[in-house]
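Below is one structure, written out as structure tokens, with a few remarks after it.
The values are calculated or read from the model by the stated rules, or taken from the named source; none is laboratory data. Model, not experiment: these values are computed from the prediction. Cβ atoms come from the backbone with ideal geometry, glycine included; neighbour counts cover every protein chain shown. Please note that ligands, DNA and RNA were not included when accessible areas were found on the heavy atoms of the full protein model with its side chains. Shrake-Rupley method; radii C 1.70, N 1.55, O 1.52, S 1.80 Å.
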Amino acid sequence: MLTENQFEVLYLLNKEANLSQRDIAKKSGISLGLVNKVLKELRLLDMVDSDNRLTSIGAEKLSEYKVDNAIILAAGMSTRFVPLSYEFPKGLTVVKGEVLIERQIRQLHEAGIKEVVVVVGHMLEKFFYLKDKYDIKLIVNNDYKIKNTHSSIFAARDFLKNTYICCSDNYYPENLFRSHEYHAMYCAQFLDGESRTERGLITDKNGLIIATQKPCRDAWTMQGHAYFNRTFSITFKNILEDYYNKPGTDNLYWEGIYAENLDSLKMYMVKYTANDILEFDSVENLRQFDPDYIVHNDLKIVKNICNVLNTTPEKIRDINPIPQGMTNKSFSFTVDGQKYVYRNPCNNTIGYIDRKREKFALNIAKELGLDNSYIYEDEVSGWKISHYIEVSEPFKFGNQRHMNLLCKHLRSLHNSGIKCNSEFDYFVEADKLIERLKILDINTSEDIVAIRERVKKVNDNLSADCWPVQLSHNDIYEPNLLISGDQLNIIDWEYAGDTDIGYDLCKLFAVEDLPLEKIDDSLSVYYNRKPTHSEKKHIVGCAAVNYYYWYVWAVYQSRSGNECSDCQFLWYNKMNKYLDETFRLMQKE
């Protein structure tokens, strides 16, 4: 086996002809005296001739270290990289006129690495063009939604040899890839301060990684690409296959599996400066490097913002994702110092959210002073722009002042008598979801149909009460209730429609899941008196049908790939609680 210095000298002589000893020393970082010593060793081994040229023996020995291929991980969703990640995968972002992954593929090709494997998942079809343009291999990771980066290497595990492991969103100002590598390694950059997300490295005097730390402080951290030699690849593949279906491993990065098996996996750290390898965690981070990124990346979202706010792309600043939202993706941004919110609906809302009805409700809510945030909604696709509401305190149903504000708004809405001429019937809407669910999971839909018969008895009783049906919000819960000083804004009118007003009123006690004996107290805030038995029975019945709908909704979402298991269990329990109480009140009546 070659020493590392022997390898570096052979690598340089293979890369460039007619290098002097001084050239070799400068390019390799090895002292001139040591270069002279290494060349003598190589001549004695017949690997270099007297003119410092590789012999056939030297070339053959060096070939053992040749990089066979590269695997580029490009399956992830990059949820922090909004709004670009709404329209295409992060690896397809244009930076200074070049697509990130294309630049990386070209750099690999320039280094002599012709076999490039790209592992795709999220929006995979947008990567297909690379196959023809660069003759790359595409591998599909079907588990990217439920597992972490180790699933992408697992999908491409049969390609592991002398292999670079790259991330599609890294940007290399200068090409750092090489045609040959001496040992398994991971690039590292020094991080000042504390980090809970990066993995710090501890090495011995030769650079061998002997421990990792996460979180870490003032440490060399993993950043950029890694390299697996054949020995590392064989061992890692066996360990990965053993880990893959073990419980509790879904969220592991591949680096986490490596860190748990340091004794079996020998890898060295290679240090780089902060400017050698760039990773853009957010669009604001990208903007600092490429101020024209928003112009380079032709986004429909940017055009929408510019058209509605009468602005230009370069004025859109301070973009930050908003984490809340089960069926929408949203982000905040500023234009000329004013802060706004952009909502981008998920595809799984198509078919059961009536955007035209929502837009009507938003305009009414603005007229009545219930939602002063609303600016514009596209009634076809459902994207929306609103003023950003600076929340002064979280809404609490147990807060008397908050409840007074909410009930004042609800009375204003319910007393308006306004209709949108488009009914939202919880029982009927649940049936529509059950029909969709039959396509996804016939067994689960049959289980729900059995529950449906019990709910139908309550729904029939509600219909017989002949309560007012008019424009209602239908989704009253904390995230949709924004307190700003003395003002309350009721936002997100997606489920609004002409509905029995009891479905709004039941949320006064049902969201917080108050004890049954406290229901009268909550409804008294709305009525300014104690509710009658008939009113109470009706509103509790609305709670039962309401949570039946949300239970069906959560099951449908989970079967559609939008995991809602926690909500599913919560809403199932609430449905049964209020069904039991409704039947009790019906018997008493």
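Some observations on this one:
- Residue count, the range 177-205 (criterion: open to solvent by 30 Å² or more (accessible area, probe 1.4 Å) and either of a type in the set (Val, Ile, Thr) or closer than 28 Å to Lys126 by Cβ (or both)): 3
- Residues (crowded, with 18+ Cβ neighbours inside 10 Å and more than 20 Å from Val341 (Cα to Cα)) located in the range 71-87: Ile71, Ile72, Leu73, Ala74, Ala75, Gly76
Here is a yes/no grid of residues against (1) at pLDDT below 95; (2) among the small types (Gly, Ala, Ser):
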{"position": "Leu413", "(1), (2)": "no, no"}
{"position": "Tyr426", "(1), (2)": "yes, no"}
{"position": "Ala430", "(1), (2)": "yes, yes"}
{"position": "Ile451", "(1), (2)": "yes, no"}
{"position": "Arg454", "(1), (2)": "yes, no"}
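- Residue in the range 92-113 that is open to solvent by 10 Å² or more (accessible area, probe 1.4 Å) and under 18 Å from the mean Cα position of the chain (by Cα) present: yes
- Scanning the range 4-16 for residues that are in contact (Cβ under 8 Å) with a residue 24 or more places away in the chain and either surrounded by fewer than 20 Cβ atoms within 10 Å (Cβ to Cβ) or aromatic (Phe, Trp, Tyr) (or both) yields Glu4, Asn5, Phe7, Tyr11, Asn14, Lys15.
- Ser558, sole failed condition from (1) on the phi > 0 side of the Ramachandran plot; (2) surrounded by fewer than 20 Cβ atoms within 10 Å (Cβ to Cβ): (1)
- Residues of the range 37-59 include none that is under 30 Å from Ile301 (Cβ atoms) and surrounded by 17 or more Cβ atoms within 10 Å (Cβ to Cβ).
- Test: residue in the range 345-360 that is at pLDDT below 95, over 29 Å from His122 (Cβ atoms), of a type in the set (Val, Ile, Thr) and surrounded by fewer than 17 Cβ atoms within 10 Å (Cβ to Cβ): no
- Residue check, Met222 touching a Ser or Thr at 6+ places or on another chain (Cβ under 6 Å), part of a strand (DSSP E or B), open to solvent by less than 80 Å² (accessible area, probe 1.4 Å) and under 25 Å from Tyr172 (Cβ atoms): no
- Filtered residues of the range 496-518 (kept if in a loop (DSSP other than H, G, I, E, B) and either surrounded by 23 or more Cβ atoms within 10 Å (Cβ to Cβ) or of a type in the set (A, V, I, L, M, F, W, C) (or both)): Ala496, Ile501, Cys506, Val511, Leu514
- Scanning the range 190-219 for residues that are assigned to a loop (DSSP other than H, G, I, E, B) and within 30 Å of the chain's Cα centre (by Cα) yields a total of 6.
- Note on the range 226-240: residues that are part of a strand (DSSP E or B) and among the hydrophobic types (A, V, I, L, M, F, W, C) amount to 2.
- Within the range 434-460, residues that are of a type in the set (S, T, N, Q) have Cβ atoms under 7 Å from residues that are in a helix (DSSP H, G or I) in these pairs: Thr444/Leu437; Thr444/Val555; Thr444/Arg559; Ser445/Ile434; Ser445/Leu437; Ser445/Lys438; Asn459/Phe427; Asn459/Val545, counting only partners at least 6 apart in sequence or on another chain.
- Of the helices (runs of 4 or more DSSP H) contained entirely in the range 241-314, those carrying at least 3 residues that are in contact (Cβ under 8 Å) with a residue 40 or more places away in the chain and either of a type in the set (A, V, I, L, M) or open to solvent by less than 40 Å² (accessible area, probe 1.4 Å) (or both) fall at 254-259, 300-309.
- Selection within the range 65-89 - touching a His at 6+ places or on another chain (Cβ under 9 Å) and either among the polar types (S, T, N, Q) or part of a loop (DSSP other than H, G, I, E, B) (or both): Tyr65, Val67, Ala75, Gly76, Met77, Ser78, Ser85, Pro89
- Restricting attention to the range 561-589 and to residues that are free of Cβ contacts under 8 Å to residues at least 12 places away in the same chain, acidic (Asp, Glu) and part of a helix (DSSP H, G or I), the residue that is surrounded by the most Cβ atoms within 10 Å (Cβ to Cβ) turns out to be Asp580.
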